[in-house]
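Working notes for the structure below.
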Amino acid sequence: MAEHVESEIKLRAPGPEAARAAVARVGARLVGARHFEDNVLLDDEGGRLRAAGKLLRLRRTPDGARLTYKGPRIDSGEVKARPEIEVAVAEPDALQSLLAALGLGPVFRYQKYRETYAWEDVEIVVDETPVGTFLEIEGGVESIRSAAAALGYGPADYITDSYTALFFAAGGSGDMVFSQ
């Protein structure tokens, strides 16, 4: 996949049922059933990617794995926008070993349950994480605003932080994983 700019916001929901109810009220259609995701962020020992505002993520789901590069944030006002390149990975364990041989090892792991919906020209996801439930809206800036308003949220509700930042802001330490 060629590089594109991903624009998104998160909205905090009281829980998964409330998030699903909001999505149902606007008539969004389910395009991806609820599934578990295990994500590992990779960087070198000096944190060079993080220091440059970049991210390399290896995501594993029941349907496969994807390696994602996200570039530095672009100033886009109230939504988070950043360049993104994503590729499917057939052998995630082998890829992680290869990246480790190049000096890129795990620096943070986070998990979530995600279900994906389509509404007009945006993607809306319900993310259940160890730090709460979130609606995430991805699309064009005006479409994101329209979707958020339809869901009952305004600009003051927009969250542009990553799940990593939200985890540490909530007092988390270590990795953001569900307790076994």
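The table that follows gives values for the structure above.
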| item | result |
| --- | --- |
| Listed residues Glu123, Glu84, Glu45, most fluctuating in the chain (Gaussian network, C-alpha, under 10 Å) | Glu45 |
| Net charge, Pro130 excluded, C-beta distance under 13 Å - Lys, Arg +1, Asp, Glu -1 | -3 |
| Global size of the stretch 113-171 as Cα Rg and Dmax, reported in angstrom | 11.9, 37 |
| Positive-end extreme of charge dipole, the stretch 66-162 - chosen from Val141, Val89, Gly154 (charges on Cβ) | Val89 |
| Prolate/oblate/rounded call for the stretch 39-131, Cα gyration tensor, a/c under 1.5 rounded | oblate |
| Accessible surface of the chain [probe 1.4 Å, protein heavy atoms]: carbon and sulfur percent | 52 |
| Residue of Ile85, Ile137, Ile124 that the Gaussian network model of the chain assigns the largest fluctuation, springs spanning Cα pairs under 10 Å | Ile85 |
| Net charge contributed by nearby residues that have their C-beta within less than 13 Å of Leu104 (K/R +1, D/E -1) | +1 |
| Cα centroid of the stretch 46-98 to Cα centroid of the stretch 127-180, whole Å | 17 |
| 222 nm mean residue ellipticity, helices alone, for the chain (DSSP H n ≥ 4; -39,500 (n - 2.57); rounded to 500) | -6000 deg cm²/dmol |
| Label zone at Asp121, where the point sits 7 Å out along the Cα-to-Cβ direction: the stretch 140-170 residues whose backbone N lies under 12 Å | 140-144 |
| Kirkwood hydrodynamic radius over Cα pairs of the chain, then Stokes diffusion coefficient at 25 °C and 0.890 mPa s, in µm²/s | 144 |
| Anisotropy class of the stretch 21-70 from Cα gyration tensor, a/c 1.5 cut | prolate |
| Local net charge near Lys10, Cβ-Cβ under 11 Å (Lys/Arg +1, Asp/Glu -1) | -4 |
| Residue-normalised accessible area of the chain, given per residue in Å² at a 1.4 Å probe | 50 |
| Helix 16-25 axis, angle to the chain major axis (alpha carbon atoms, nearest 10°) | 50 |
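The values are calculated or read from the model by the stated rules, or taken from the named source; none is laboratory data. Being a predicted model, the structure only gives us computed values, none of them experimental. Using ideal geometry, Cβ is built from the backbone for each residue, glycine included, and neighbour counts are taken over all protein chains shown. Note: areas computed on protein heavy atoms with side chains; ligands, DNA, RNA excluded. Shrake-Rupley method; radii C 1.70, N 1.55, O 1.52, S 1.80 Å.
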